[in-house]
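The structure appears right after this line, and notes come after that.
The values are calculated or read from the model by the stated rules, or taken from the named source; none is laboratory data. Everything numeric in this text was worked out from a predicted model, so none of it was measured. Don't worry about glycine lacking a Cβ; one is built from the backbone with ideal geometry, like all the others, and counts go over all protein chains shown. The area values use the complete protein model at the heavy-atom level, side chains included, leaving out ligands, DNA and RNA. Shrake-Rupley method; radii C 1.70, N 1.55, O 1.52, S 1.80 Å.
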Amino acid sequence: MDKDFKLNLNHKQAIRLIKVVIVSLLIITEIIICVQYVSVYVTNGSLLRLIAVLGSCLALGVLETIDSLVIKRFAVKMVFYGVDSVLLLILCILTGNTYLSTLYCIVLTQFYVSVEDFKSNIILFGVSCGLFVISFITGWVIVNEFISLYHSIVQIFGDCLFGVFILALHFVVTNFILKFYSKNAQLRLALKEADESKAQLKEVYEQLSQTAVFEERNRIAKDIHDNAGHSITTVIMQTEAAKLLVDTNPEEAKNRIVSANIQAKNALEQMRESVHLLAGRDKPRTLKEEIEEIIAQTMDGTELKMRYDLEDIAVDNGKFRFICNSIKECIANGIRHGKATAFYVEMKKSLSGMTVLISDNGCGFDGPVTEGFGLRGIREKAERLGGKCSISSEEGEGFEVEITLPLDKV
């Protein structure tokens with residue numbers, strides 16, 4: 001229960017509680033003064049002095065209550081402090097200096113808590129020391145008028161010095177506690193704000209993570225649609241063409257079936273890769289190993305001849321997929337359009353980047369290269385990755401695609 005109370009108590013509530021405690025201490029001290037001097041003044045028949053003491057204590061208590069719980073402006077507080085000083089002087093004259101230090105400490109505590117400005121508190125402390133000395137000397141002279149001058153001076157000097165020491169000690173301790181409390185409150189507020197910021201950042205991070213997952217899934221779905229879908233469409237077209245040519249041109253029908261077989265394998269591999277990505281698994285092979293696997297699958301069950309010279313180059317996932325898909329597309333195009341029977345694949349690293357070369361021994365053609373869906377996609381993707389794609393062909397000399405990409409920054 002206490003722990004919950006401390007955690008729920010804010011700065012304003014804490015200051016208000018301290019002020020209530022200060023006013024309570026002042027009232028308790030005034031009650032002690034009144035009880036002590038009622039019997040003295042009643043016995044001596046000094047009814048007017050008793051009324052003056054009771055009135056001064058009541059006025060001081062009321063003013064301090066209003067000042068602590070109602071007044072906010074510093075200028076008005078200083079006016080109240082001036083009236084309080086007059087009432088303290090009256091009490092000092094009527095009752096002596098017994099409780100003067102205590103009353104000053106209680107009144108000053110309220111001002112230190114309310115002002116919360118160290119420079120203003122120093123000024124207030126200096127003024128209070130002066131008023132304390134004046135009140136003490138005045139009260140001493142009136143109450144102890146029959147004591148010799150020498151003894152009066154010694155007594156006044158010693159008591160004033162002790163009283164100023166008490167006020168100074170009270171000033172140091174009170175302001176240290178207030179400063180400590182203020183820093184502690186600021187630290188708690190900063191920690192609370194940091195916790196709130198951390199919670200907000202965590203929420204934003206989770207949202208961004210979910211967004212990244214959705215974007216990755218959309219990208220994978222697009223890859224399946226663009227690559228595997230394109231390959232499957234090509235398989236259907238090639239097998240349909242083979243059906244029409246099987247009787248009239250068996251050799252061409254065979255080439256179409258081989259091309260369809262390669263496209264089907266490519267489509268299957270692309271879908272497997274997409275499933276691995278959706279399952280959260282990294283690519284199982286290096287880029288060199290993946291290209292070697294593509295070449296092996298292409299040669300499997302066909303009469304195609306393929307040579308390759310590959311360096312082991314580390315690339316990010318985007319370039320990894322792009323290079324593999326580009327090689328598959330170039331091989332399929334070479335078989336389908338160029339009637340190629342042999343291919344050469346090269347991947348080299350240079351100071352400025354990396355180069356991937358795919359060439360075949362197909363029929364080739366004269367004139368400018370007409371880019372279809374596949375070649376145009378390769379060129380545009382290479383440019384988006386900061387590289388370029390150059391295509392060259394001559395009739396009877398085959399077809400060549402060279403892709404240049406920048407290396408990943410380490």
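Residue 274 falls short on exactly one of the conditions (1) farther than 25 Å from residue 355 by Cα; (2) at pLDDT 75 or above; (3) assigned to a helix (DSSP H, G or I), and that condition is (2).
Could you check, for segment 26-36, whether at least one of its residues is modelled with pLDDT of 75 or more, crowded, with 20+ Cβ neighbours inside 10 Å and either more than 21 Å from residue 174 (Cβ to Cβ) or small (Gly, Ala, Ser) (or both)? I'd like the intermediate steps shown before the answer.
In the first step, residues of segment 26-36 are kept if they are modelled with pLDDT of 75 or more; the result is 26-36.
Applying the additional criterion that residues be crowded, with 20+ Cβ neighbours inside 10 Å yields 26, 30, 33.
Next, only the ones that are either more than 21 Å from residue 174 (Cβ to Cβ) or small (Gly, Ala, Ser) (or both) stay: 33.
Taking every residue of segment 26-36 in turn, at least one turns out to be modelled with pLDDT of 75 or more, crowded, with 20+ Cβ neighbours inside 10 Å and either more than 21 Å from residue 174 (Cβ to Cβ) or small (Gly, Ala, Ser) (or both).
Do the conditions hold for residue 243, that is, is it more than 23 Å from residue 374 (Cβ to Cβ), modelled with pLDDT of 70 or more, assigned to a helix (DSSP H, G or I) and basic (Lys, Arg)? In short, yes.
Hey, any hits in segment 105-114 for a residue that's at pLDDT 75 or above, open to solvent by 50 Å² or more (accessible area, probe 1.4 Å) and of a type outside the set (D, E, K, R)? No: segment 105-114 contains no residue that is at pLDDT 75 or above, open to solvent by 50 Å² or more (accessible area, probe 1.4 Å) and of a type outside the set (D, E, K, R).
Determine, yes or no, whether residue 232 is at pLDDT below 75, of a type in the set (A, V, I, L, M, F, W, C) and part of a helix (DSSP H, G or I).
On the way: at pLDDT below 75: yes; of a type in the set (A, V, I, L, M, F, W, C): yes; part of a helix (DSSP H, G or I): yes.
For residue 232, the condition - at pLDDT below 75, of a type in the set (A, V, I, L, M, F, W, C) and part of a helix (DSSP H, G or I) - is met.
Residues that are surrounded by 15 or more Cβ atoms within 10 Å (Cβ to Cβ) and touching a residue at least 60 places away in the same chain (Cβ under 8 Å) were ranked within segment 367-377; the one that is nearest to the chain's Cα centre (by Cα) is 377.
Here residue 198 passes the criteria (1) modelled with pLDDT under 80; (2) open to solvent by 100 Å² or more (accessible area, probe 1.4 Å) except the one numbered (1). The set of residues in segment 386-399 being closer than 21 Å to residue 363 by Cβ and open to solvent by 70 Å² or more (accessible area, probe 1.4 Å) consists of 394, 395, 397. Please determine whether any residue of segment 312-331 is surrounded by fewer than 17 Cβ atoms within 10 Å (Cβ to Cβ) and hydroxyl-bearing (Ser, Thr, Tyr). Checked against the condition, which is being surrounded by fewer than 17 Cβ atoms within 10 Å (Cβ to Cβ) and hydroxyl-bearing (Ser, Thr, Tyr), segment 312-331 yields no hits at all.
With respect to residue 165, determine if the residue is modelled with pLDDT of 75 or more, open to solvent by 80 Å² or more (accessible area, probe 1.4 Å) and either assigned to a helix (DSSP H, G or I) or not charged (D, E, K, R) (or both). So residue 165 fits the description; yes.
Out of 58, 50, 54, I need the residue that is crowded, with 16+ Cβ neighbours inside 10 Å, closer than 18 Å to residue 87 by Cα and modelled with pLDDT of 80 or more. Which one?
Numbers: 58 fails: crowded, with 16+ Cβ neighbours inside 10 Å; 50 fails: modelled with pLDDT of 80 or more.
Criteria check complete, one pass: 54.
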